[in-house]
Amino acid sequence: MIFPKTNSAAFSLALSISAFKTLPTIVAEDSCTSIDYITCIKTASPPTLDASDISDWDGVEVFESPLTGALTSKMYTAGNMKIQCVYDATDIYFLYQIPGKYMFDITDNKKCASVASMFQMGEKATFFNMGGCPLSEAVNCDAVPEGCAPYAVDIGAHWELKTTERGVMYGPNEATGNDLIANKDDEFAVGPYCRVDDNFGTSPGNEWSGAWDFTGNATDGAEGYYIFETSRSLTTPSPETDVQLTPGTEVNFGVSFWDPFETAAGWTDAGHVVTGCSEDWVGLRLVDENGDATPVFDDVGGEEESAEPMPMESGTDGMETASSSTPAPSGAASIIAGAAFTFVASIFAACVVFEAIAIV
């Protein structure tokens with residue numbers, strides 16, 4: 001079909017203007033505001049680790065943190081986690097209360113809840129990418145690659161539950177970070193590919209103790225709170241792989257949680273949710289008798305040297321490891337790309353129209 005030139009120009013111009021006017025509005029899928037820090041106060045009466053009676057935490061300040069997908073930044077819809085912390089002359093103690101639905105399977109860790117804590121050790125270590133050393137990408141390592149020490153993170157009480165019972169305290173173990181009884185491992189890492197048990201240094205071991213419980217009915221699908229009570233000695237014999245905690249200082253910290261209802265088959269390694277809105281450390285302030293805590297690092301996590309985030313795939317025991325595949329763009333990124341393409345196409349169409357009119 002052949003249109004008169006004047007009508008063709010008008011039609012093309014109207015089409016281009018219509019496309020420009022209907023550009024989509026860019027709206028973030030989720031909005032997240034991280035807490036800046038958690039205060040840990042000294043106590044003369046440390047809590048009993050049983051997770052069943054948490055009344056000994058009464059009076060300790062509660063900090064609520066949103067949880068978001070480690071890779072997706074999607075908000076965990078069950079609600080915020082609650083964090084409390086105290087320390088005494090020898091140990092630090094944590095109470096985590098995480099809302100969710102109950103599931104427990106003695107044959108499958110992925111159908112039980114799981115939790116882990118992470119601390120910054122190296123001055124360049126980032127919360128995202130488990131330290132983020134660019135030299136550790138695509139390296140399944142048994143030791144820290146040369147040059148990665150500034151990116152080290154301490155992963156403590158990385159706990160998978162299938163071999164445990166509710167309300168029972170499980171203690172530390174010597175010579176290895178691998179907990180063969182309760183599977184609450186003590187680990188360190190410099191990146192998702194490079195995460196190992198605390199089996200290095202002069203005196204390796206696992207200094208973590210812990211207990212867990214659930215506040216609702218112990219039936220699959222019941223709603224309530226997972227309760228995790230954990231503790232670790234302030235200092236350890238393996239400073240190469242464990243953060244050393246000193247009253248009066250502030251270290252950088254974060255928590256991960258794996259939800260057994262994430263999929264029909266349980267949680268996935270990369271599907272965990274984290275504090276810090278998926279990217280930021282949270283300060284852990286071990287305040288002294290004056291209420292002061294000096295940051296160990298001036299900058300939270302230093303600078304991110306690896307600009308490309310590494311997508312994760314299944315690891316050997318539940319924490320993420322990185323894959324070489326490129327993740328699909330997020331919903332917001334797709335909208336931006338589509339809007340940009342539509343806008344450029346609109347301008348191009350308008351230019352062609354005006355040129356055609358000028359020629360006529």
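For the listed peptides 209-222, 80-93, a ranking on the average number of other beta carbons within 10 Å per residue, highest first, reads 80-93, 209-222.
Using a probe radius of 1.4 angstrom, the carbon and sulfur fraction of the accessible surface of region 81-159 is 52%. Ranked by the mean number of other Cβ atoms within 10 Å of their residues, highest first, the peptides 263-270, 114-121, 239-246, 160-167 come out as 114-121, 239-246, 160-167, 263-270.
A Förster distance of 41 Å, applied to the separation of the beta-carbon atoms of residue 48 and residue 141, puts the FRET efficiency at 0.60. Derived scalar couplings between HN and Hα for region 274-281 equal 9, 6, x, 6, 6, 9, 10, 5 Hz in order, rounded to whole Hz, by the Karplus curve 6.51 cos²θ - 1.76 cosθ + 1.60 (θ = phi - 60°), x for Gly and Pro.
Label-to-label distance, residue 200 versus residue 169, with points set 7 angstrom from Cα along the beta-carbon direction: 3.2 nm.
For the Cα trace of region 98-140, dividing Rg by the Kirkwood Rh returns an Rg/Rh value of 1.16.
Rounded if a/c is under 1.5, else prolate if a/b is larger than b/c, else oblate: which is region 58-142, with a ≥ b ≥ c the root eigenvalues of its Cα gyration tensor? Let's see the in-between values first.
Details: a/c = 1.65, a/b = 1.20, b/c = 1.37.
Oblate, because a/c is 1.5 or more while a/b does not exceed b/c.
Which is farthest toward the positive dipole end of region 145-205 among 199, 164, 189, measuring Cα position about the Cα centre, with Cβ charges +1 (Lys, Arg) and -1 (Asp, Glu)? Of 199, 164, 189, it is 164. For residue 108, the shell of other residues with beta-carbons less than 11 Å away shows a net charge of +1, using +1 for Lys and Arg and -1 for Asp and Glu.
With the cut-off at 1.5 for a/c, could you classify region 170-216 from its C-alpha gyration tensor as rounded, prolate or oblate? Verdict is oblate for region 170-216.
Computed with a 1.4 Å probe over protein heavy atoms only, the accessible surface of region 145-220 comes to 38 Å² per residue.
Any idea what the alpha-carbon Rg over 2.2 N^0.38 Å comes to for region 141-229?
Working: Rg = 15.6 Å, N = 89, 2.2 N^0.38 = 12.1 Å.
Compared with the compact-globule rule of thumb, region 141-229 sits at 1.29.
With the convex hull drawn around the C-alpha atoms of region 64-216, the volume per residue stands at 145 Å³.
Modelled this way, with points 7 Å down the Cα-to-C-beta line, the labels at residue 288 and residue 105 are 5.1 nm from one another. Compactness check for region 94-177: Cα Rg over 2.2 N^0.38 Å is 1.36. Highest mean packing comes first when the peptides 251-262, 170-181 are listed by Cβ atoms within 10 Å, giving 251-262, 170-181. The tail of the calculated P(r) for region 173-280, taken as Cα-Cα distances beyond 22 Å, holds 46 percent of the pairs.
The values are calculated or read from the model by the stated rules, or taken from the named source; none is laboratory data. This one's a predicted model, so the numbers in the text were calculated from it and none came from an experiment. Ideal geometry is used to build each Cβ from the backbone, glycine not excepted, and the neighbour counts take in all protein chains shown. Each accessible area value is taken on the protein alone, full model and side chains, heavy atoms only, with ligands, DNA and RNA left out. Shrake-Rupley method; radii C 1.70, N 1.55, O 1.52, S 1.80 Å.
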